[in-house]
Every structure is written in structure tokens, then in C-alpha cells.
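Colleague: I have a structure here, written as C-alpha cells, and I will follow up with some questions on it.
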Amino acid sequence: IPKSQFHIVTFGPDSLYPDLHVIQFDYYENLRLAWRKLWDQGYRRIGLTYKESLGWRTNHAWLAAYLAEKQLANIPAQDLPEMIHAHEPEIEALLTWINTHQLDAVISPRPDSIAALQQSTPHVKVISMHQVGNETGVNPNPEHAAFAALELLQFEIEHALLKKSTFNLRTHIPGRWIERESL
């Protein structure tokens, strides 16, 4: 990307764009928000499942937040293992994982599995890390991210009139909790 004649703000993992300004969702805090909401509602056996490529894309922030919350809740590291998978697992594999670990709540970024899990396991609260429809979960706040990108771009253009930037900015956009009625 020709940076000398352009002002650039990117979206996505900051590891992909080390020399550019980056706007990204605050994956770490968003998972902590999901955990806290579930914990406050009385759920104690909270599972996390996501596709391996999403772990890479989030710079493993979901896993880091999940492990931190487990430790803060005094849950042994080997208890409540996360389910990280290379490909989309069949619903049967997810159900086996839920039943094996006696989960009472599941955090997942996959809207397709959320609906299937809600129907198959009505006793388990399933929430989304990318809430966009009628499911309960964390809405990553894409409107806020777009607005922040425009503000950062405007700042960079105005700042360039004075001098060239010597560092790149990283802006993490916090999500917001959306509670929906159970099915």
C-alpha cells in the first residue's frame, strides 16, 4: 500500500497491519463482558467454542480472556476446556462436548451453531460473540468502529498538515451486551 501519498486506516487484527492505523473490535473485553453477564445470571459451567481461524484473527484474545476469567473464578485450568476447531464441527460434536463437560452456558461466535444449539439444548444458555440478529450476546458495535475509523482518518489528515506521524494508533472498539428472550 503506498503510504507516502495516502492516509490509511485499516480494520482487523493489528498483527496484519503493523505499520498502519488499525480499528478493531475489543475481542478480549467483549469476551470478558459475555463471561461477566453469564456469571451474574448464575451460570458456572461456561464453555467457549470457536473456529481456529477466528482465534488467529482475534490474536487469541478470546482464549486469553476465557482463561483469565476461569482463573479469576478459581476454576482449575483443566476444567471447562475450550473447543477450538479447524473446521465447522457437526452439531453432534458440539452436543457431545457440552454434555461431557456438563456446561450450562456456551459462548460462540457462530450464528449458525447458536440457533441449532438453542434448539437442541434448551437447558444451556448459548450466546453469540457477534450478535447481529435475535440472539443474546455481544454486539461488536460496527457502527462505532466505522465512526472511529472516520475520526481517526480525519485526525491523521489534519495532523499531517503539521508533521508526519511517527507512530500508528490502535483503537479497540468495545462491544455492548444485548439480552434477548429465550426461545
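Colleague: With Arg180, Arg110 as the choices, which residue is modelled with pLDDT under 85 and open to solvent by 60 Å² or more (accessible area, probe 1.4 Å)? Even if it seems obvious, please write down each step before you answer.
Modeller: On the way: Arg110 fails: open to solvent by 60 Å² or more (accessible area, probe 1.4 Å).
When all the criteria are applied, what remains is Arg180.
Colleague: Restricting the range 14-30 to residues that are within 30 Å of Arg180 (Cα to Cα) and either out of contact with any strand residue (DSSP E or B) (no Cβ under 7 Å at 6 or more places or on another chain) or among the hydroxyl-bearing types (Ser, Thr, Tyr) (or both), which is surrounded by the most Cβ atoms within 10 Å (Cβ to Cβ)? Walk me through how you get there before you give the answer.
Modeller: Of the residues in the range 14-30, the ones within 30 Å of Arg180 (Cα to Cα) are 23-30.
Then drop every residue that is not either out of contact with any strand residue (DSSP E or B) (no Cβ under 7 Å at 6 or more places or on another chain) or among the hydroxyl-bearing types (Ser, Thr, Tyr) (or both), which leaves 27-29.
Values: Tyr27: 26, Tyr28: 19, Glu29: 16.
Of everything passing the filter in the range 14-30, Tyr27 is surrounded by the most Cβ atoms within 10 Å (Cβ to Cβ).
Colleague: For residues that are β-branched (Val, Ile, Thr), outside any loop (DSSP other than H, G, I, E, B) and within 15 Å of the chain's Cα centre (by Cα), tally how many sit in the range 126-159.
Modeller: If we filter the range 126-159 for residues that are β-branched (Val, Ile, Thr), which is where we start, we get 126-127, 132, 136, 138, 157.
In the following step, the residues that additionally are outside any loop (DSSP other than H, G, I, E, B) were identified as 126-127, 138, 157.
Narrowing the set further to residues that are within 15 Å of the chain's Cα centre (by Cα) leaves 126-127, 138.
Matching residues across the range 126-159 total 3.
Colleague: Looking only at residues that are open to solvent by 50 Å² or more (accessible area, probe 1.4 Å) and of a type outside the set (A, V, I, L, M) in the range 131-148, which one is farthest from Tyr43 (Cα to Cα)?
Modeller: The selected residue is Phe147.
Colleague: I need the full set of residues from the range 157-171 which are modelled with pLDDT of 80 or more and more than 16 Å from Ile23 (Cβ to Cβ), in order please.
Modeller: Glu158
Colleague: May I pose another question? Filter the helices (runs of 4 or more DSSP H) completely within the range 7-108 down to those with at least 2 residues that are among the aliphatic types (A, V, I, L, M) and in contact with a Ser or Thr (Cβ under 8 Å, 6 or more places away or on another chain).
Modeller: Working: elements: 27-40, 52-57, 61-72, 91-100.
It comes to 91-100.
Colleague: Would you check if Ala68 is closer than 19 Å to Arg32 by Cα, of a type in the set (Gly, Ala, Ser), open to solvent by 30 Å² or more (accessible area, probe 1.4 Å) and touching a Lys or Arg at 6+ places or on another chain (Cβ under 8 Å)? Walk me through how you get there before you give the answer.
Modeller: Details: closer than 19 Å to Arg32 by Cα: yes; of a type in the set (Gly, Ala, Ser): yes; open to solvent by 30 Å² or more (accessible area, probe 1.4 Å): no; touching a Lys or Arg at 6+ places or on another chain (Cβ under 8 Å): yes.
No; evaluated as a whole, the condition is false for this residue.
Colleague: Go through (1) within 20 Å of the chain's Cα centre (by Cα); (2) surrounded by 15 or more Cβ atoms within 10 Å (Cβ to Cβ) for Glu52 and report which single condition fails.
Modeller: Status for Glu52: all satisfied but (2).
Colleague: Among (1) over 18 Å from Ser128 (Cα atoms); (2) open to solvent by less than 50 Å² (accessible area, probe 1.4 Å), which single condition is Phe11 missing?
Modeller: Unmet condition: (2).
Colleague: Which of the residues that make up the range 1-16 are touching a residue at least 12 places away in the same chain (Cβ under 8 Å) and within 30 Å of Ile107 (Cβ to Cβ)?
Modeller: Of the residues in the range 1-16, the ones touching a residue at least 12 places away in the same chain (Cβ under 8 Å) are 1, 3, 7-15.
Val9, Thr10, Phe11, Gly12, Pro13, Asp14, Ser15 - these are the residues of the range 1-16 that are touching a residue at least 12 places away in the same chain (Cβ under 8 Å) and within 30 Å of Ile107 (Cβ to Cβ).
Colleague: Let me ask something additional. Kindly indicate the residue of the range 43-79 that is modelled with pLDDT under 90 and among the hydrophobic types (A, V, I, L, M, F, W, C) and also farthest from Asn99 (Cα to Cα) among those meeting that condition.
Modeller: Top of the filtered list is Trp56.
The values are calculated or read from the model by the stated rules, or taken from the named source; none is laboratory data. Given the structure is predicted, the values throughout are model-derived calculations rather than measurements. Note that we place each Cβ from the backbone using ideal geometry, even for glycine, and neighbour counts take in every protein chain shown. Side chains included, ligands, DNA and RNA excluded: accessible areas come from the protein's heavy atoms. Shrake-Rupley method; radii C 1.70, N 1.55, O 1.52, S 1.80 Å.
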